[in-house]
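Read through the structure below, which is laid out as C-alpha cells, and then see the notes.
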Amino acid sequence: MNTTEQTITTSELNACLPALYRFAYTLTRNDDRAADLVQDCVERCLRKQHLFDGQNLRSWMFTVCRRVFLNQIRRDKVRGIPVDMDDAPQSKLSISAFQEDKMHYQDVVECFGRLPHNDKVVLSLVAIEGLKYEEAAELLEAPVGTVRSRLSRARSRLRELLETSETEGTSMASSV
Amino acid sequence: MANKVHLITEQDVHAYIDGELSGERRIAVERFLAERDLPLERAARYLRNNFDLRAVKDEIYKDEELKAEIDRLLAKRRPKSIAAPA
C-alpha cells in the first residue's frame, strides 16, 4: 500500500456517506443540519486528504465529522444557543426545528430527573462539570473503575428513557 | 506490537466520548465504531447527550438535593482551577 501520498476516490467517499449521514443525523437530530454537517465533513476530508493514512476511510471520516461537529458546537456556544422561547427565529422552517429542539431539551431534563440519584451525580460531574474520571473518582472517594461502570450504566439508562420518550413523542405530532 | 488486538468494551466507548483516551487506544475505539452501525449510533447519542446536559445545566440543577451534593463534591477539589475573577 502506498503510504506516501493518499488520494480518496469518489467511490470510496460515496461508500462512506450513508453511515456518515446517520452519524451526523444522530448528532444534530435534524435533516438539514445533518446534511450541512456531512457536507462540511466531506469538504474537510478532501482538503485534508494528505493527512489520511490510507488505512480506514470510514473511521477517519467519522473522526473528522466528530471534530467538525465539536467546532460547530463551540461556535454556537460563543454565539449562544437559544434554549429559550423568547428570541424565536423568523422562518417557519427554523421555528419548527427550534421547537423540536426545545421539546428535546425538555425531554432531556425530564428523563434526567427520573434517573437514580447516583446516576445523576456521576453524570453531573463528568458530562456537565467536565471532570476527568480520575478527578470524579477522587471526589466520590471511589476507584476509577467504579466511576467508569457507574457512568456507563447511567448513560444507558438515560438513553433508554430518552428513546422511550421519543417513541411516545412521535404520536403527538404537532404541526406549526 | 503492530498487530495488537484491542478488545473494545462499552466502557471504552464512554471513555472515548469523554476524551479520556489517547493514542493507540483512541484510534482503536474509532476504528471499532466506524465499522459498526449500532455502537456508532449509540456513541453519537452519548456524545450528543453530553452537549444536551450541558445546555440544560440550569434546569437540571433546580434539583436542590443534586445541586447541593455537586457543590459539596466540587468544594473538595484542590484549588487549582477556580473560575477566573470577572
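Show me the three semi-axes of the equivalent ellipsoid for the range A:10-79, from the C-alpha gyration tensor (sqrt of 5 times each eigenvalue), largest first, rounded to whole Å.
On the way: eigenvalues 85, 40, 17 Å².
Semi-axes (√(5λ), whole Å): 21, 14, 9.
Just want the answer: with Cβ charges of +1 for Lys and Arg and -1 for Asp and Glu, which residue in A:Cys41, A:Asn14, A:Gln72 is farthest toward the dipole's positive end in the range A:10-79?
A:Gln72
Could you give the Stokes-Einstein D for the range A:112-172 in µm² per second, using the C-alpha Kirkwood radius, 10 °C, 1.306 mPa s? Mind dumping the intermediate values first?
Values: Rh = 12.3 Å.
It comes out at roughly 130 µm²/s.
What does the structure give for A:143-151 when I average, per residue, the other chain Cβ atoms found within 10 Å of the residue Cβ?
Values: counts 0, 1, 1, 0, 1, 8, 3, 0, 6.
Other-chain Cβ atoms within 10 Å of each residue's Cβ, averaged: 2.
Considering only protein heavy atoms, with the full assembly of protein chains and a 1.4 angstrom probe, order B:Asp37, B:Asp52 by accessible area, largest first. Each step should come with its number before you reach the end.
Details: B:Asp37 75, B:Asp52 0 Å².
Result of the area sort, largest leading: B:Asp37, B:Asp52.
Starting at the first residue of the range A:12-17, write each ³J(HN,Hα) from the Karplus equation 6.51 cos²θ - 1.76 cosθ + 1.60 with θ = phi - 60°, in whole Hz, x for Gly and Pro.
4, 5, 4, 5, 7, 4
Enter the mean number of other protein chain beta carbons within 10 Å of the beta carbon of each residue in A:50-56, as an integer. Could you put the intermediate results ahead of the total?
Numbers: counts 0, 0, 0, 1, 0, 2, 5.
Mean shielding count: 1.
Per-residue accessible area for A:Tyr25 at 1.4 Å probe radius, Å² rounded to 10?
Number for this one is 100 Å².
Enter the mean number of other protein chain beta carbons within 10 Å of the beta carbon of each residue in A:122-130, as an integer. Spell out each step's value before the answer.
Details: counts 0, 5, 11, 4, 6, 11, 9, 6, 4.
Mean inter-chain Cβ contacts per residue within 10 Å come to 6.
Using only the alpha carbons, work out the radius of gyration and Dmax of the range B:10-75 in angstrom.
Looking at the range B:10-75, its Cα Rg and Dmax stand at 15.3, 43 Å.
The values are calculated or read from the model by the stated rules, or taken from the named source; none is laboratory data. This one's a predicted model, so the numbers in the text were calculated from it and none came from an experiment. Cβ: placed from backbone, ideal geometry, glycine included. Neighbour counts: every protein chain shown. Side chains are part of the model used for accessible areas, which takes the heavy atoms of the whole protein and leaves out ligands, DNA and RNA. Shrake-Rupley method; radii C 1.70, N 1.55, O 1.52, S 1.80 Å.
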